[in-house]
Each structure stands twice: as C-alpha cells, then as structure tokens.
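The values are calculated or read from the model by the stated rules, or taken from the named source; none is laboratory data. All figures in this text were calculated on a predicted structure; none of them were measured in a lab. Cβ atoms come from the backbone with ideal geometry, glycine included; neighbour counts cover every protein chain shown. Accessible surface areas use protein heavy atoms only, side chains included; no ligands, DNA or RNA. Shrake-Rupley method; radii C 1.70, N 1.55, O 1.52, S 1.80 Å.
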Amino acid sequence: MAQPNPFKHLERKISINNQDYVFYDISSLGAEFDQLPFSIRVLLESAIRNCDNFQVTEKDVQSILSWKGIKGDDANKQEVEVAFKPARVILQDFTGVPAVVDFAAMRDAVLRLKGDPNKINPICPSDLVIDHSVQVDFSRTPDALTKNQDLEFERNKERFTFLKWGAKAFNNMLIVPPGSGIVHQVNLEYLARVVFEDPVNGAKVLYPDSVVGTDSHTTMINGLGILGWGVGGIEAEAVMLGQAISMLLPEVIGYKLVGKLSSLATSTDLVLTITKHLRQIGVVGKFVEFFGPGVEELSIADRATISNMCPEYGATVGFFPVDKNSLAYLKQTNRSDDKINVIFKYLEATKQLRDYGNAAQDPHYTKIVTLDLSTVVTSVSGPKRPHDRVAVSEMQLDFRSCLTNKIGFKGFELNPDSLSASGEFTWSDGKTYSLRHGSVVIAAITSCTNTSNPSVMLGAGLLAQKAVNENLKVAPYIKTSLSPGSGVVTYYLKESGVIPALETLGFDVVGYGCMTCIGNSGPLEENLVNVIEKNGLVCAGVLSGNRNFEGRIHPNTRANYLASPLLVIAYAIAGTVDIDFEKDPLGTRPDGSKVFLRDIWPTRQEIHAVEQKYVIPAMFQEVYGKIEMGSSAWQALQAPTGKLYPWDGESTYIKHPPFFEEMTRELPPNRPIVGARVLLFLGDSVTTDHISPAGSIARNSPAARYLASKNLTPRDFNSYGSRRGNDAIMARGTFANIRLVNKLVPNPGPRTLHIPTNTELDVFDCAEQYGKEMTPLILLVGKDYGSGSSRDWAAKGPYLLGIRAVIAESYERIHRSNLVGMGIIPLQYLDGQNADTIGLTGREIFNIAIPDDCKPGQIITVETNCGKKFQVLVRFDTEVDLTYYRNGGILNYMIRKMLD
C-alpha cells in the first residue's frame, strides 16, 4: 500500500511573480547530484516527488542518485530497474483511437466481471489526441488543402466522432482537432509546459515537464529540454491509468558539439550526420545528452530536428537541457513573461538550467563523443534507411553503385544490361516524358523532422524564389507537396512572401499532418506507374521526413532519400537523383549560361535575417489561440454521450476488441507452448511497417476482401492507419507489407507456408488455418526486430494471429515492451547464435516452457521435434514485465488491479 512521501523534508517554498509555490529541492542532495546528467535529474525529481514506497520506492530514488555507477564498457555492470511517472501522455490520432477503443472495452470488461462500469474511469495525466491522418491525393493544385480536408472528414467522420465521445467520457482528455498540425510540432509550439504548475492539496507544486507518447518521434520535445520518448500504445494506456513506467536506468552518452556549421549547411545535414554517427557507435536503449559550446550555435528548432530523429539513431532520448535559448523560444512562441519567469526561477533553484558555455557544469557521462559542426556537409540519406548518410557531392556515384550492389540496404542488384533501361509516357499536357533509373517521381516537403524548423522551411522558400527567377521548373508528373507541421509554418511562409514561388514549383500546401513519410502521398498516375513497372525502373522519392524504409513511401519508389526541404526542391527541379550538382546544371539561361544549384542556394545568414523578421509571437498567438475550436466541420460533429460506448456491429472503423472477452478475475495458469509452428521466418531489421503497415490497403489483400464483404469499394478502403480501431482489419493487415521477405516462401510479399500441407497462403489465412487446428505459432527473426514507429498494432496483430512467442537476435526497445504488454514472450538467441548457426529451417515443431518462478533475464531451453535444443534469453527485463506476462498482458493486469 502507498505510504507518506519519505522525502517531504526536501520540500521548499519559493515566491515568483507574487505567487507562492513549493518544489522538491533535488539540488540539495550534494556532490552526487551535481555529477548527474541533466536528463537523469528529471528522473530523480519525479522519483522523489512521487515516492510512496509502493509504485515508486526509496530504492528507486537511491538508484537514480547513484547513477554514476552505470558503466558503458563494464561487462560486470548490473542493470538497475527504476520506476518513472511522466507528467503527461500524448497520443496521435492513429494510436489515440485504439487507446480509447481499449478503454471503452475495459469498461465493458469491468461491467462483465464486477457489474459496475463506473469503477474504471481513466485519469489521464494529460492525454492529447492529435489527428494527422490526411491522405494526399492531390498534387500541384491550389485547392489541394481544401480537397484533402474535405476528403479527410468524409473518410474519417466515424473515427472523429468516437474521439469526441472519448473526450467527454473520460477525465482530463483534450482533443486537438483534425487539420491543426502534426502531434510533435503542436507539442513543441503549444502544449509544452517545460515546468508544470500543479495544484496539490492547496499548494502549487513546480516540477519538470516530462512526457511519453505513442509516436516514437515524441522525442522531438527533447529539443526544448523536456524529457520525453515514445512508448507503445499499450504501455501508454497503463500510464494514463496511473501506472508508473518500469524502466532500466540507462547509460547516458554525452554528445559534445563544438565549432559552427558552415554557411551552406542545414540542420537536416547535421541531423543526418549525427544519425549515422550514433548508429555506428550503438546507442539503442541509451540516453543521448548533447552538450558543449556548439549547442549554443543551434536554435531550438535545430535542436528539435536532431531530437526528432532520435528513433532513427536508436536512442531512447536525444536530450538538450533547458538554457537561455530555450527561454527565448518560449518568448517567441507566445508564452507569457510570467510563465517564463517561473520556469527560469524553478530550474535555476534546482540546478536544471544549463549554460552550455560553462564547462564546469558538464556532468559525468557514461561515454563522450564529439562532433565538430564545421565538418558537416550537405547530405541525404538512403536509399532504404535513414542512417545511410551520403554526402551530396558523392550522391551520383553512390546511387549508381546501389543499382548493381547485391540486394540489401544499399543495393538493388540490377542486371548490368538493364542499367540503361528507360520508358516514355504522355502526360495530360500532351507532352511526352521519359523515365530512367533515378528519376524522381515524388518530392515532398513533409511534416515532422523539418517543418518545425523555420530555417530550413524559409530556406526552401528562398531557394524556390531564386529558382523561379532563373525560370527553373519542375516536371509536371513529379508528385510534389508541402505539408507543414502546423498553421504557424504557413503563416510565416506567407508573410515572408515565399509561398508564390513554392506554388509555382508545385509545392502547394496540401494539409497538416503525417503524409509522405508514412506513405500517405496517394497514387501516382497510371501511365507513369506502367512505365516504371514495365521497365523495372528504380525510381526515387525525395522527402524531408524521418524514414525511408522499403515499401513505406510508395510501392513504385524503390529508392527513397531523406533530405532537407531545400534539397527536396533541388532534386525535383533536376528530376533525378542521378546527378552531380557540382558539374551538372539545373537549367540554362536565355544567354546560354548554365544555372547550378550553388547559384540559387541561400546562405544561413540570408535565412536567419528572414527568420528574425517574420517568425514572431503574434503568429503563434493567432494560430494557437483558436486551435481547440477546430473547423466548422469539427464543431458540427455530434458525438454520443454516456459512460459506455454504443458499439455498432456493422462498423468497419470502430469495433469492440476481443482482448478481454475470455478474461477471468483470477490469474490464468502458466501454460507451456507445445507443438508450435513457425508462421514466419524473417531476417534482420524487420520494422513495424513490415509487421503492421499504416499505408494503403492493397486490393488483393485479406483486409480488402473483408472490406469488400462489407460492400465497400476500393475508393473507401482508406488506410490501415485510419482503421486501427477495428481489429478485424488490423489482424488481416498484420505482416501485409509487400516488401516482407519470408524465408519460408520464394518471393517477397505478405505470404507464408502452411507447413503441414506445404501450401502457400496469405499470412492471415495461414494463421487462421493454424488457429482452426489449435496450433500455437511463433516467429523466427533476426536483429533489431520491431524497429521503426512505436506501433501497438505490431504487437496486437501478432497476438490476434495466435503468435505466442518470438525468437529474435535482438529487439527494438519499444516493440519488445509492446510484445510483453500483449502477453507475447520475447526470446533472444544467446550471443553469437542465430537461426542459421543453430541450423533451424523454420519447418520444425517447437516446445517452449516458461518456469513458474522465472526471473528477469533468465535463460531457458527451447526444444524441437528434430532433436535440436538451444538456449535463449527470456527478455522479461523487469519484475513488472513478468507481472504483465502472468496476467496475460498489461491491460488485463490493470483491469484486475481495478477490480481489487
């Protein structure tokens, strides 16, 4: 049971702006505290303030305070588990809907088990569901924004209605209406507190803002000095129900920045450089904290760009402690002087305010690495991974080598005889155009990484102006789009006068939200697609996003490159990635002289001057002063009332989930996995996009057949992301990625082998057949299983397919947690071993037993019918993981807890 806080003696009073506050003075803990990284200080404050010796214990506090003992290279180091209660939770629409669906179903479960649905009323620390579901089906048209928003409401009205109901039915839930912006940017510009002022027992308590979110790019908020990271939707739901996060105390890599960026480098170039560097170092599961005099050279938008790419370099957070630039950003984004003063006084009093120029403030780190900003050059990343950075000066040679390299992250293995392949098609303007390897067919300035950053957005606008002045053009068949992360971006682009030039080149504003980066660019014109497919062309997408995994951007862009908004426009004008910008011109002037990229590229000084003039507080006040009202369509939306949701059995969007249907009040018995078959035998770097795609629903897929059975036409299929509130769709969409490589079948795609009959089937159909035969299923996978977006359906979907365990070489942090949260056992080969070294074919029958007294990190033996036995590490990393597993999942645990 909870006890009084044993650290009440650390409470202090402070008067700011004639208002009395209290806070916990963590800085009074002495020399041990002074050596803590600033990110760890946030964990410490939370543990001290929430210590009740039940969820958060005195041992947790002491472990965090003694963090210095976490040694990165110490083979004998002990992993330390601690509890953390974040200040708030943030959800985006695609994960917000299933979270509310689960809550509604939990109420139904309580009603069934206890007869009182009012006993469960989730108290959310701060549950913010932000829509970002726009489908970009229109390009190069001035009315694209209006058309997309109309289309969005037409397709997603039921989902929006459900969210409106949830905002009324559950406590402390704020909905930021659709069309307002992407979750991360609205969080940075509007929702971020930096320091909370929380009324508790009649006093106003000050403490650091912290957040967990259901999108892995929640880390963007680290750029403002707010500790936050992505968690699985399943784990986030538990936090919203008041549960502390159980986590291993991380190593903290100190990333020292020195020097200055060159006048031609952008923050995108910097983040792609850092991403590659940190991937090489290996920071998965670790905190990265930036320090050094070079940090002062970076704006908050620059820092946010770096923090936002944190999942791509693999760390849990990429943290920039609050400094004077952070406070200046709060002023710029229309936070009040009184609020900023409270933040300053509190952080100063608790030694959480950073002076990057003062080396005496540098804390102890597990390891320190250094980057000289002056070494950063113009870069892109691709063609298949965000950390495969290529200097633009080397891009042409790199792309050409990728064409012939063996199939892999840097290879397409084309036959040398096909390198000159090309094809022609006629466009609607009556002209004939040709495509070849490297031709750009999608060029998108897309929200998330870069659109929070005025320097690169205004830089793109200035480059566009210079390009238009030189009469440069973009071919009409290239699908161009501009999707800002918030209305503020559009505001300053208009005020600075660059919108006309952007529109001239085809970069019209098409909507606010996750678009091309998540596969929402819409279809390409049929004649163009036919040319690509008929000639086997490796055509390209260039986007200012985060991710470029195979099959994510578009089925017809096999090569995809992440780039700054400026380079997106440059490659769109060039029409190809097979270009050397130093040697090859973008066009020719009337006098015959050539126009090179260097002739239209703006300097950082030019961009900064425009930014200083046009990015002002009044813009943020105008945009965010009315954001919660939403559009007239949102205001007119009528939602049900009442504690229990009136489920519609015919709905293809919102369906009562089956997770709690067979749940009992008593703990289920611990049953071994006996006679299991392998559903899929996969390799390395299987992402959550492979496991649970978010993009379009293929017309020949099990999900499409299901929707067709409901009398829906392909036009109304929408996307997997928009249908995450319907388990029947999502189960059928599990492992539906067209690029999935399964060793049990000869060709890539969402197919597998029903081993007893040697029949190749769609993955869902095969799993369904095994289910009828009462055969449990497992997966065999390689390294980094579940990398990419923190997608809860990447665990829920396999659970619904009947998968009981996964055996992998390694796991992405969030996905492992999600598997545990669904009661799926994550097993890991011992070091140096994998399916190949053991000699597994995937056709074996497996027996796996988890001991009743299993401990975190225990080693067990897996047996097969062919006589092979091998040991694996059980990746229940904490006692909490084991508790969730024994309950059949985290949500089952929470229901039983509420029934006590």
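State whether one or more residues within segment 295-318 are out of contact with any Phe, Trp or Tyr (no Cβ under 6 Å at 6 or more places or on another chain), outside any loop (DSSP other than H, G, I, E, B), in contact (Cβ under 8 Å) with a residue 60 or more places away in the chain and open to solvent by 50 Å² or more (accessible area, probe 1.4 Å). I'd like the intermediate steps shown before the answer.
As a first pass, look at segment 295-318 and keep what is out of contact with any Phe, Trp or Tyr (no Cβ under 6 Å at 6 or more places or on another chain): 297-299, 301-302, 304-315, 318.
Narrowing the set further to residues that are outside any loop (DSSP other than H, G, I, E, B) leaves 297, 301-302, 304-308, 310-313, 318.
Subset that is in contact (Cβ under 8 Å) with a residue 60 or more places away in the chain: 297, 301-302, 304-308, 310-313, 318.
Narrowing the set further to residues that are open to solvent by 50 Å² or more (accessible area, probe 1.4 Å) leaves 297.
The answer is yes, given that some residue of segment 295-318 is out of contact with any Phe, Trp or Tyr (no Cβ under 6 Å at 6 or more places or on another chain), outside any loop (DSSP other than H, G, I, E, B), in contact (Cβ under 8 Å) with a residue 60 or more places away in the chain and open to solvent by 50 Å² or more (accessible area, probe 1.4 Å).
For segment 766-786, the candidate set comprises residues that are open to solvent by 40 Å² or more (accessible area, probe 1.4 Å) and within 31 Å of the chain's Cα centre (by Cα); within that set, the residue that is farthest from residue 844 (Cα to Cα) is 784. The set of residues in segment 857-900 that are hydroxyl-bearing (Ser, Thr, Tyr), more than 25 Å from residue 661 (Cβ to Cβ) and touching a residue at least 40 places away in the same chain (Cβ under 8 Å) contains only 878.
For every residue, the table says whether it meets (1) modelled with pLDDT of 95 or more; (2) of a type in the set (Lys, Arg).
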| site | (1), (2) |
| --- | --- |
| 1 | no, no |
| 5 | no, no |
| 25 | yes, no |
| 32 | no, no |
| 47 | yes, no |
| 53 | no, no |
| 64 | yes, no |
| 68 | no, yes |
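Scanning segment 656-675 for residues that are farther than 30 Å from residue 706 by Cα, among the hydrophobic types (A, V, I, L, M, F, W, C) and either in a loop (DSSP other than H, G, I, E, B) or in contact with a helix residue (DSSP H, G or I) (Cβ under 8 Å, 6 or more places away or on another chain) (or both) gives a single hit, 667.
Taking residue 542, is it out of contact with any His (no Cβ under 7 Å at 6 or more places or on another chain), of a type in the set (A, V, I, L, M, F, W, C) and closer than 30 Å to residue 310 by Cα? In short, yes.
Is it fair to say residue 509 is of a type in the set (Val, Ile, Thr), at pLDDT below 95 and open to solvent by 10 Å² or more (accessible area, probe 1.4 Å)? Quick ask: steps written out before the conclusion?
Details: of a type in the set (Val, Ile, Thr): yes; at pLDDT below 95: yes; open to solvent by 10 Å² or more (accessible area, probe 1.4 Å): yes.
Here the answer is yes, as residue 509 does meet what is asked.
Collect the residues in segment 573-594 that are part of a helix (DSSP H, G or I) and small (Gly, Ala, Ser), keeping them in residue-number order. Walk me through it before giving the result.
Going through segment 573-594, the residues part of a helix (DSSP H, G or I) turn out to be 573-574.
The answer is 574, and nothing else.
Looking only at strands (runs of 3 or more DSSP E) that fall completely inside segment 326-430, which ones have 2 or more residues that are open to solvent by 10 Å² or more (accessible area, probe 1.4 Å) and closer than 25 Å to residue 220 by Cβ? Give the derivation first.
Values: elements: 367-372, 379-381, 389-391, 422-426.
Ranges flagged: 367-372.
Among the residues of segment 647-662, are any hydrophobic (A, V, I, L, M, F, W, C), modelled with pLDDT of 90 or more, more than 27 Å from the chain's Cα centre (by Cα) and open to solvent by 30 Å² or more (accessible area, probe 1.4 Å)?
First pass over segment 647-662, keeping only residues hydrophobic (A, V, I, L, M, F, W, C): 647, 654, 659-660.
Right, trim to modelled with pLDDT of 90 or more and you get 647, 654, 659-660.
Filter once more, keeping what is more than 27 Å from the chain's Cα centre (by Cα): 647, 660.
Now restrict to residues that are open to solvent by 30 Å² or more (accessible area, probe 1.4 Å): 647.
Checking segment 647-662: at least one residue is hydrophobic (A, V, I, L, M, F, W, C), modelled with pLDDT of 90 or more, more than 27 Å from the chain's Cα centre (by Cα) and open to solvent by 30 Å² or more (accessible area, probe 1.4 Å).
Considering each of 848, 803 in turn, give the residue that is among the hydrophobic types (A, V, I, L, M, F, W, C), within 22 Å of residue 672 (Cβ to Cβ) and either free of Cβ contacts under 8 Å to residues at least 40 places away in the same chain or out of contact with any Leu (no Cβ under 7 Å at 6 or more places or on another chain) (or both). Steps first, answer last, please.
Details: 803 fails: either free of Cβ contacts under 8 Å to residues at least 40 places away in the same chain or out of contact with any Leu (no Cβ under 7 Å at 6 or more places or on another chain) (or both).
Just one listed residue meets the conditions, 848.
Note on segment 727-765: among residues that are hydroxyl-bearing (Ser, Thr, Tyr) and free of Cβ contacts under 8 Å to residues at least 12 places away in the same chain, the one that is surrounded by the fewest Cβ atoms within 10 Å (Cβ to Cβ) is 757. Looking only at segment 663-678, decide whether some residue is in contact with a Leu (Cβ under 7 Å, 6 or more places away or on another chain) and closer than 23 Å to residue 97 by Cα. Looking through segment 663-678, none of the residues is in contact with a Leu (Cβ under 7 Å, 6 or more places away or on another chain) and closer than 23 Å to residue 97 by Cα.
Considering the conditions (1) out of contact with any Phe, Trp or Tyr (no Cβ under 7 Å at 6 or more places or on another chain); (2) within 17 Å of residue 730 (Cβ to Cβ); (3) among the hydrophobic types (A, V, I, L, M, F, W, C), residue 849 is excluded by exactly one of them, (2).
The set of residues from segment 787-808 being open to solvent by less than 10 Å² (accessible area, probe 1.4 Å) and among the charged types (D, E, K, R) comprises 791, 792, 796.
For segment 25-50, which positions are of a type outside the set (A, V, I, L, M) and in contact with an Asp or Glu (Cβ under 6 Å, 6 or more places away or on another chain)? I'd like the intermediate steps shown before the answer.
Narrowing segment 25-50 to residues of a type outside the set (A, V, I, L, M): 25, 27-28, 30, 32-35, 37-39, 41, 45-46, 49-50.
Result: 37, 39.
Within segment 696-719, residues that are touching a residue at least 60 places away in the same chain (Cβ under 8 Å) sit with their Cβ atoms under 8 Å from residues that are open to solvent by 70 Å² or more (accessible area, probe 1.4 Å), at 6+ positions apart or across chains, in these pairs: 710/650; 719/696.
In the set (1) farther than 21 Å from residue 371 by Cβ; (2) within 21 Å of the chain's Cα centre (by Cα); (3) at pLDDT 85 or above, the condition left unmet by residue 220 is number (1). Here residue 619 meets the list (1) among the hydrophobic types (A, V, I, L, M, F, W, C); (2) out of contact with any Pro (no Cβ under 7 Å at 6 or more places or on another chain); (3) within 19 Å of residue 399 (Cβ to Cβ) almost entirely, failing just condition (3).
Being under 23 Å from residue 559 (Cβ atoms), touching a helix residue (DSSP H, G or I) at 6+ places or on another chain (Cβ under 8 Å), assigned to a strand (DSSP E or B) and open to solvent by less than 20 Å² (accessible area, probe 1.4 Å): is that true of residue 440 here?
Working: under 23 Å from residue 559 (Cβ atoms): yes; touching a helix residue (DSSP H, G or I) at 6+ places or on another chain (Cβ under 8 Å): yes; assigned to a strand (DSSP E or B): yes; open to solvent by less than 20 Å² (accessible area, probe 1.4 Å): yes.
So residue 440 passes the test.
Return a yes/no flag: does segment 640-655 have any residue that is in a helix (DSSP H, G or I) and either farther than 15 Å from residue 166 by Cβ or in contact with a strand residue (DSSP E or B) (Cβ under 9 Å, 6 or more places away or on another chain) (or both). For segment 640-655, residues in a helix (DSSP H, G or I) and either farther than 15 Å from residue 166 by Cβ or in contact with a strand residue (DSSP E or B) (Cβ under 9 Å, 6 or more places away or on another chain) (or both): absent.
Take residues that are in contact (Cβ under 8 Å) with a residue 12 or more places away in the chain and over 21 Å from residue 395 (Cα atoms) and tell me which of the strands (runs of 3 or more DSSP E) falling wholly in segment 474-572 contain 1 or more. Lay out the reasoning, then the answer.
Details: elements: 479-482, 540-543, 559-562.
Qualifying strands (runs of 3 or more DSSP E): 479-482.
Within segment 692-707, one or more residues are within 21 Å of the chain's Cα centre (by Cα), modelled with pLDDT under 90 and of a type in the set (A, V, I, L, M).
List the strands (runs of 3 or more DSSP E) inside segment 183-293, counting only whole elements, that have at least 1 residues being surrounded by fewer than 21 Cβ atoms within 10 Å (Cβ to Cβ).
Values: elements: 195-200, 203-208, 210-213, 227-230, 245-248, 252-258, 287-291.
So the answer is 195-200, 203-208, 245-248, 252-258.
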